1. Considering only residues that are touching a residue at least 60 places away in the same chain (Cβ under 8 Å) and part of a helix (DSSP H, G or I), look in the stretch 201-215 and name the one that is nearest to residue 85 (Cα to Cα).
2. Select from the stretch 269-283 the residues that are in a loop (DSSP other than H, G, I, E, B) and in contact with a strand residue (DSSP E or B) (Cβ under 7 Å, 6 or more places away or on another chain) and write down the one among them that is least open to solvent (accessible area, probe 1.4 Å).
3. Quick one: in the stretch 407-425, which of the residues that are within 26 Å of the chain's Cα centre (by Cα) and part of a strand (DSSP E or B) is nearest to residue 88 (Cα to Cα)?
4. What residue, among those in the stretch 290-314 that are open to solvent by less than 50 Å² (accessible area, probe 1.4 Å) and over 25 Å from residue 162 (Cα atoms), is nearest to the chain's Cα centre (by Cα)?
5. Taking the stretch 292-317 on its own, how many of its residues are modelled with pLDDT under 95 and touching a strand residue (DSSP E or B) at 6+ places or on another chain (Cβ under 7 Å)?
6. Of the residues in the stretch 1-46, how many are surrounded by 12 or more Cβ atoms within 10 Å (Cβ to Cβ), farther than 30 Å from residue 282 by Cβ and modelled with pLDDT under 95?
7. Can you tell me which residue within the stretch 378-406, out of those that are assigned to a helix (DSSP H, G or I) and in contact (Cβ under 8 Å) with a residue 60 or more places away in the chain, is nearest to residue 358 (Cα to Cα)?
8. Looking only at the stretch 175-205, count how many residues are open to solvent by less than 10 Å² (accessible area, probe 1.4 Å) and of a type outside the set (Phe, Trp, Tyr).
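The values are calculated or read from the model by the stated rules, or taken from the named source; none is laboratory data. Only a predicted model underlies this, so the values are computations on that prediction, with no experimental measurement involved. Heads up, the Cβs are rebuilt from the backbone with ideal geometry, glycines too, and the neighbour counts pull from every protein chain shown. Ligands, DNA and RNA are excluded from the accessible area calculation, which covers all protein heavy atoms including side chains. Shrake-Rupley method; radii C 1.70, N 1.55, O 1.52, S 1.80 Å.
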Amino acid sequence: MQRTSSVEPMKTKAMNNRLKKDALEIISFAIKRSDPYEKTLETLKTLEISGKGKLVVFGIGKAAAPMAKAAEDLFGERISFGTVVTKYGHAKGFSFKNFEIIEAAHPVSDENSVLAAEKALAVAETLKEEDTCLVLLSGGGSALFEKSSIPFETQKDITKKLLSRGAAIEEINTVRRSVSLVKGGKFAEKVYPAKVITCALSDVLSNEKSAIASGITVPEPTDSEKIKAVFQKYLPEYGSLFSSLPKRESGRINSGGFFFVGDINSLCDAAEEKAKELGYSVINPSRSLTGEAREEAKKILSSVKPESGKHAYIFGGETTVTLKGNGLGGRNQEMALSAAIELSGRKNIVFASAGSDGTDGPTDAAGGIADGNTAEEIRKAGLDPKKELENNNSYYALMAADSLIVTGPTGTNVNDLSVVLTAGA
């Protein structure tokens, strides 16, 4: 009996380690498959771009570097002006002959975000009817590319409050468009009469064009009631600002088309493919995960029932975090910490969640991974998992259990991927 009781935990640990390895392999494969370079190149080859005028190219967002590289490799010296605007560290490993690189802050804009927008606007105003402006958009562009109609510090404060109060990305971008001089099609209006062509890597579950990087090339009439509702819900102290916003008057846009080069579907398709390759049956996959991060992790795990065989539950989407404490973390790490608490003591099950761009909140981690032993490992390090979750301190809690997922910048941005793996007897 003594021998049996000591062998059982070893078997459980070995199985959990196997499940963890597979979960990380699934996430890594899905992210690599979502690299936008090839799809951007493929799409660009189908475009009809006049050779008469200038070709200017703006890559804006966390995936701007590989998308711009595709444009440079195809068009080369035809590009008369090119700019890559991306998050700090996301242009690492890329070299360009025809592009200037500007790195800026995310998710809250900084001075380089404004510099990038000002430079782009200056170029846009010089374009003629025979010219073409190619815009390569990806998630993160809302913060990375900004020129606001309100004081810069006010704009930053509004963004911080929306993020900390649990606003969904669509709500955040609704406000961003209302106070911006480039969003909601305003940049494309500056490009007129030149033609503007958009290729987008979508980080928006609905693939709503006006929501990707806040739609700098997509016309959007002002929905004052929608904007008012967001201000009332999350920004009551800025009620007077909403009242003073000017009515939006749409200008002319010479659109040459809007093309998608990837989205949440490509990420989840790849994850499911890898899971099946590793011998898992994929059960009830979802590509519309939203809601409060810690609560969604609980819901996911409550739906996973003990079954024989190897099963994978794959979820794509983007949750939110309502900050109540002053800790450090991100939505994927918060899901993983919540999962660690829920999984405490359970065998043969692993939960992992990561941002496809390689960053999660203001941290160097992409997300986290947890099994039935993770909460206990956190306790052994002198931390209380539940207290750390309440303090939104998922980063340090998971770090204590060696349960962070760290990928570095990935070159893509198609929402988040959450994976649950089970191996029943």
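1. First pass over the stretch 201-215, keeping only residues touching a residue at least 60 places away in the same chain (Cβ under 8 Å): 201-205, 212-214.
Applying the additional criterion that residues be part of a helix (DSSP H, G or I) yields 212-214.
On the way: 212: 15, 213: 12, 214: 15 Å.
Here the residue is 213.
2. At the first step, the residues of the stretch 269-283 found to be in a loop (DSSP other than H, G, I, E, B) are 278-280, 283.
From the residues that got through so far, the ones that are in contact with a strand residue (DSSP E or B) (Cβ under 7 Å, 6 or more places away or on another chain) too are 279-280, 283.
Details: 279: 47, 280: 9, 283: 34 Å².
My answer is 280.
3. Initially, the stretch 407-425 is screened for residues within 26 Å of the chain's Cα centre (by Cα), giving 407-421.
Right, trim to part of a strand (DSSP E or B) and you get 416-421.
Details: 416: 20, 417: 22, 418: 25, 419: 28, 420: 31, 421: 33 Å.
Top of the filtered list is 416.
4. So the residue we want is 314.
5. 5
6. 0
7. To start, the set of residues in the stretch 378-406 that are assigned to a helix (DSSP H, G or I) comprises 378-380, 385-390, 394-400.
Subset that is in contact (Cβ under 8 Å) with a residue 60 or more places away in the chain: 388-390, 394-398.
Numbers: 388: 23, 389: 22, 390: 24, 394: 16, 395: 14, 396: 18, 397: 19, 398: 16 Å.
That would be 395.
8. In the first step, residues of the stretch 175-205 are kept if they are open to solvent by less than 10 Å² (accessible area, probe 1.4 Å); the result is 175, 179-180, 182-185, 187-188, 191, 194, 196-202, 204.
Within this subset, residues satisfying the condition of being of a type outside the set (Phe, Trp, Tyr) are 175, 179-180, 182-185, 188, 191, 194, 196-202, 204.
The qualifying residues number 18.
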